[in-house]
Amino acid sequence: MPQWKAQFISSPKPCEEGDPAPYFRKTFDVEPGVRHATVYVTALGVVEAHLNGSRIGDAVLAPGWTAYRERLMVAEYDVTDLLSTGPNVMGAIVGEGWAVGALTWNKSNHHYADRPALFMQLEIEYADRTEIVSTAPSSAPAKDSDWVVGPGGVRANGLYDGEVFDAQLEQVGWAAPGYDATAWWPTISYDWPMSSLRLSSVPPIRRIEELAAVEVTVSPTGYPIIDFGQNISGWVHLTLNNPRRGQDITIRHAEALKPDGALERETNRTALATDRYIAAGHEREEWEPRFTIHGFRYIEVEGWRGLPSLDDFRAVVVHSDMDRTGWFESSDAMLNRLHENAVWSMRDNFVGIPTDCPQRDERLGWTGDVNVFIASATYLYDVEAVLASWLSDLMIEQRSHGVMPRSAPLVDPRPSEPTALWGDAIVNVPWMLYQEYGRREVLRRCWPAMRAFVDEVATRLDPRGLWNTGFQYGDWADPDAPAREPGQAKTDKYLVAQAYLARTTDQMVRIAELLGEDEAREQYVELDTRVRLGFQEAYVTQRGIVKDETATGYALAICFGLLTDEQQTYAGKRLRGIIAGRGHIISSGFAGIPFVTDALTMTGHLDTAYAMLFQTQCPSFMYPVTMGATTFWERWDAILPDGHLHRTGMTSLNHYALGAISDWVRRVVGGLSSAAPGWSQIVVAPRPGGGLTTAETSHVTPLGLASVKWQIRDGEMVVTVVVPDGATARIVLPDHPEGLVATEGPGEHEWAYPLRGDH
């Protein structure tokens, strides 16, 4: 860990809404003989650092969002090649970001700081010494070599509302030697706890790719509308040829269009999601914002001369730079699109932290969303570092507030209390990270927080072991709930809480055993027994009928092992009847969606699970696909069959939680799953159905690539499997004449055999 010599510096006055972003600058001399140079950068706000006119690094929206007063990430860069002998300049632009700008639906700001502030420390190594140039205050009178601050082209910025950039006011060479900064102002020290600084080990947020525009139309307002074909998180890069000086281009972002072709901006709620670029009048100008981010597929452009071409705008996809690790493809185009929708929604919501949505006045690190999606997340991308960082913030907020919060970092002003599915993310997310990566450290690190949460819940149980008081989200966003009351689900919210608590107590027993916490293990064995008996007594009949007879109730009871074998068989039949009786549409919310198809599969009703998967009537998995969705929606009917938005104020078109179905798709349809932490033991058991003739899935495990590919052709099944070094795979071939089950080691293996029955 470096010794921090720098301090935070800022503009003299607090930031008000709509203020220009501060540009910081310092001149210093470099002598010959530099061996190495390193700069450390962070900010209260989001920072873009420069050295001698060159931008440092390629991260954007740095340092990202953490619980800043306890953990503020510092980026480290090798800048040896950017230094030159003689006068040098380092500088930075600092936007409002999460620290200073508006957050939540209240759009309140200054959650962490009242103005953007900069921290920069440059260490220059010579043969005989190390010199430090930093944002430490100077003891000398103000002069050009001190840090100064001034305005530039960034006239306003905010994560929700957008960025205003006036190219006429951008100072050419402001971060290079020779620029005249005598009119700029001295900076002042900004008080901040230096103990919060941490060298970043988290994948930075970056520009990941650019998407070309696919169509240009004209809205009823007369403004051009540009469609990029995909709902993303990011911003737009524009190119202007021969603009007039002062030409003002306004770009409004949205996820959807109204039936008449106008921009549908209601899913943004109060987030303006509007960028403006004011041209300098050069022959060719290119620009993109750097201090905001939007969730969008479409833009409306005002101030353009004529109709833009497809080449004038590109969509820039922005999110945490995680490695892709999981893929799926099949013979059905709609199923492929469904899976890609889950991938895109995950990408768009992993911008530093796992959020609920990227477009509206929220974008919070909700615990319930990531808890629902965690099995899919660990398969699709390497999320170990991103989620380890988020868990650190979750535990910080738990210690600070005395209870497990519903989101982290915590800026939601509403009080928290223990809840199922949201609160127990502190147990399930580390548990799933351990299952994926095989490292116990995450369990050990989170163990005190897990215990604090579960022990607090235990104090709230009645004498029968029931969690039947207090606030619960229940089966959130049940499609049958009143439109403006998503928590009013069919399934008893305390049934949901009790079922999830049973899953949690079982995990606590297993984690205590892994960590050698024998006394705690006995405690949680007793608690687990109480909770399960309580569920049986309160919610299940002797025959196996689960209270209220909802798909979610049956699915949770089956998947969480809350039934006897006889009850499970009967419950599976009842679940099948519920699903088939409603025409295979979805009747579950957040709590049930990840488990309904699994419960059907576990109880011998695979055909019903496939019928549910491929149903297109609203509400269903495939209905949004039929409506042109390129991401998962917050509610299945967010866009109604007539093309109008479901106007409830809760209609995000980019919520990844309901994409949890992708986990069942890769395990059951694709046939690839892990049977031991770190994928040392693999299960290959594809279950064809739904008229599919091919499917393949692959995953970069900690041991290497594992994959399954199957195809049905002329009555023959061909299965190809790749097992990575260090792993063994249990192969269960579908409809094999001999019911083949085999164990295979590393390498590629293939089987071809005639199928039984009709395929």
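Kindly provide the set of residues from region 1-27 that are within 30 Å of Ala156 (Cα to Cα) and surrounded by fewer than 16 Cβ atoms within 10 Å (Cβ to Cβ), ordered by number.
Pro12, Lys13, Pro14, Glu16, Glu17, Gly18
Residue by residue through region 602-628, note down the ones that are more than 23 Å from Ala256 (Cα to Cα), touching a residue at least 60 places away in the same chain (Cβ under 8 Å), in contact with a helix residue (DSSP H, G or I) (Cβ under 8 Å, 6 or more places away or on another chain) and surrounded by fewer than 21 Cβ atoms within 10 Å (Cβ to Cβ).
Result: Leu606, Ala611, Phe614.
All but one of (1) in the same structural domain as Trp422 (by TED's automatic domain parsing); (2) in contact (Cβ under 8 Å) with a residue 12 or more places away in the chain hold for Gly295; which doesn't?
Only one criterion is unmet by Gly295, namely (1).
Only one of these is over 25 Å from Val30 (Cα atoms) and either in contact with a Phe, Trp or Tyr (Cβ under 7 Å, 6 or more places away or on another chain) or in a loop (DSSP other than H, G, I, E, B) (or both): Val172, Val164, Val149, Val202. Name it.
Of the residues listed, the single one that is over 25 Å from Val30 (Cα atoms) and either in contact with a Phe, Trp or Tyr (Cβ under 7 Å, 6 or more places away or on another chain) or in a loop (DSSP other than H, G, I, E, B) (or both) is Val202.
Restricting to region 74-129, what's the tally of residues that are in a strand (DSSP E or B) and either under 25 Å from the mean Cα position of the chain (by Cα) or at pLDDT below 95 (or both)?
7
Can you tell me which of (1) of a type outside the set (Lys, Arg); (2) more than 25 Å from Trp467 (Cα to Cα); (3) surrounded by fewer than 19 Cβ atoms within 10 Å (Cβ to Cβ); (4) in contact (Cβ under 8 Å) with a residue 12 or more places away in the chain is the one Gly581 doesn't meet?
(4)
Listed residues Arg445, Arg439; which is assigned to a helix (DSSP H, G or I) and more than 30 Å from Ala538 (Cβ to Cβ)?
Arg445
Taking the stated definitions as given, is Thr728 surrounded by fewer than 19 Cβ atoms within 10 Å (Cβ to Cβ), on the phi < 0 side of the Ramachandran plot and in contact (Cβ under 8 Å) with a residue 60 or more places away in the chain?
Here the answer is no, as Thr728 does not meet what is asked.
Test Val665 against the criterion of being closer than 22 Å to Met334 by Cβ and either buried (at least 19 other Cβ atoms within 10 Å of the Cβ) or out of contact with any Gly (no Cβ under 6 Å at 6 or more places or on another chain) (or both), and give yes or no.
Yes, satisfied.
With respect to Val700, is the statement that it is more than 20 Å from Phe328 (Cα to Cα), modelled with pLDDT of 95 or more and of a type in the set (A, V, I, L, M) true?
For Val700, the condition - more than 20 Å from Phe328 (Cα to Cα), modelled with pLDDT of 95 or more and of a type in the set (A, V, I, L, M) - is not met.
With respect to Asp598, determine if the residue is within 31 Å of the chain's Cα centre (by Cα), among the charged types (D, E, K, R) and assigned by TED's automatic domain parsing to the domain that holds Asp478.
For Asp598, the condition - within 31 Å of the chain's Cα centre (by Cα), among the charged types (D, E, K, R) and assigned by TED's automatic domain parsing to the domain that holds Asp478 - is met.
Being touching a Ser or Thr at 6+ places or on another chain (Cβ under 7 Å), in contact (Cβ under 8 Å) with a residue 24 or more places away in the chain and crowded, with 17+ Cβ neighbours inside 10 Å narrows it down to one residue among Thr597, Thr569, Thr631; which is it?
The unique qualifying residue is Thr631.
Filtering region 74-130 down to residues that are under 12 Å from His36 (Cβ atoms) and in contact (Cβ under 8 Å) with a residue 60 or more places away in the chain, which residue is surrounded by the most Cβ atoms within 10 Å (Cβ to Cβ)?
Filtering first and then ranking leaves Leu122.
Given (1) within 30 Å of Arg440 (Cα to Cα); (2) buried (at least 22 other Cβ atoms within 10 Å of the Cβ); (3) free of Cβ contacts under 8 Å to residues at least 40 places away in the same chain; (4) of a type in the set (A, V, I, L, M, F, W, C), where does Trp710 come up short, assuming only one miss?
(1)
Restricting attention to strands (runs of 3 or more DSSP E) lying wholly within region 236-289, give those where 1 or more residues are crowded, with 23+ Cβ neighbours inside 10 Å.
Of the strands (runs of 3 or more DSSP E) lying wholly inside region 236-289, those with at least 1 residues that are crowded, with 23+ Cβ neighbours inside 10 Å span 248-254, 274-278.
Please list, ordered by residue number, the strands (runs of 3 or more DSSP E) wholly in region 622-741 having 2 or more residues that are polar (S, T, N, Q).
672-674, 694-701, 704-713
To keep it simple, each residue is scored yes or no on (1) over 30 Å from His110 (Cα atoms); (2) out of contact with any Asp or Glu (no Cβ under 6 Å at 6 or more places or on another chain); (3) surrounded by fewer than 22 Cβ atoms within 10 Å (Cβ to Cβ); (4) among the β-branched types (Val, Ile, Thr).
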{"site": "Asp356", "(1), (2), (3), (4)": "no, no, yes, no"}
{"site": "Val372", "(1), (2), (3), (4)": "yes, yes, no, yes"}
{"site": "Tyr379", "(1), (2), (3), (4)": "yes, yes, no, no"}
{"site": "Ile396", "(1), (2), (3), (4)": "no, no, yes, yes"}
{"site": "Glu456", "(1), (2), (3), (4)": "yes, yes, yes, no"}
{"site": "Thr459", "(1), (2), (3), (4)": "yes, yes, yes, yes"}
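Do you know which residues across region 527-559 are in a helix (DSSP H, G or I), of a type in the set (Val, Ile, Thr) and touching a Phe, Trp or Tyr at 6+ places or on another chain (Cβ under 9 Å)?
Answer for region 527-559, where residues must be in a helix (DSSP H, G or I), of a type in the set (Val, Ile, Thr) and touching a Phe, Trp or Tyr at 6+ places or on another chain (Cβ under 9 Å): Val531, Thr552, Ile558.
For the list (1) over 28 Å from Arg35 (Cα atoms); (2) at pLDDT 95 or above; (3) not basic (Lys, Arg), I need the number of the one condition that Ser134 fails.
Condition (1) is where Ser134 drops out.
Would you check if Ala611 is in the same structural domain as Ala375 (by TED's automatic domain parsing), more than 29 Å from Ser233 (Cβ to Cβ) and of a type in the set (A, V, I, L, M, F, W, C)?
yes
Suppose we filter region 400-436 for residues that are assigned to a helix (DSSP H, G or I) and over 15 Å from Trp390 (Cα atoms); how many remain?
So the count comes out to 5.
Mind listing just one residue for me: the one in region 482-503 that is under 21 Å from Ala599 (Cβ atoms) and not in a helix (DSSP H, G or I) and, of those, nearest to the chain's Cα centre (by Cα)?
Checking each candidate, the answer is Ala489.
Show the residue pairs meeting these rules: Cβ distance below 7 Å; 6+ apart or different chains; first residue within region 480-493 and at pLDDT 90 or above; second residue of a type in the set (Lys, Arg) and outside any helix (DSSP H, G or I).
Asp480/Lys490
So which of Gly465, Gly474 ends up being assigned to a loop (DSSP other than H, G, I, E, B), modelled with pLDDT of 95 or more and under 25 Å from the mean Cα position of the chain (by Cα)?
Going through Gly465, Gly474 in turn, the sole match is Gly474.
Those residues that are over 30 Å from Trp65 (Cα atoms) and either of a type outside the set (A, V, I, L, M) or surrounded by fewer than 19 Cβ atoms within 10 Å (Cβ to Cβ) (or both), I need them from region 316-349; list them, please.
Once the filter is applied, which keeps residues that are over 30 Å from Trp65 (Cα atoms) and either of a type outside the set (A, V, I, L, M) or surrounded by fewer than 19 Cβ atoms within 10 Å (Cβ to Cβ) (or both), region 316-349 yields Phe328, Glu329, Ser330, Ser331, Asp332, Ala333, Met334, Asn336, Arg337.
All but one of (1) under 29 Å from the mean Cα position of the chain (by Cα); (2) at pLDDT 95 or above hold for Glu513; state the number of the condition that does not hold.
(1)
If you take the residues in region 198-214 that are in contact with a Pro (Cβ under 9 Å, 6 or more places away or on another chain) and closer than 28 Å to Asn88 by Cβ, which one is surrounded by the fewest Cβ atoms within 10 Å (Cβ to Cβ)?
Within region 198-214, the match that is surrounded by the fewest Cβ atoms within 10 Å (Cβ to Cβ) is Leu199.
The values are calculated or read from the model by the stated rules, or taken from the named source; none is laboratory data. Everything numeric in this text was worked out from a predicted model, so none of it was measured. Every residue, glycine among them, receives a Cβ derived from its backbone with ideal geometry; neighbour counts consider all protein chains shown.
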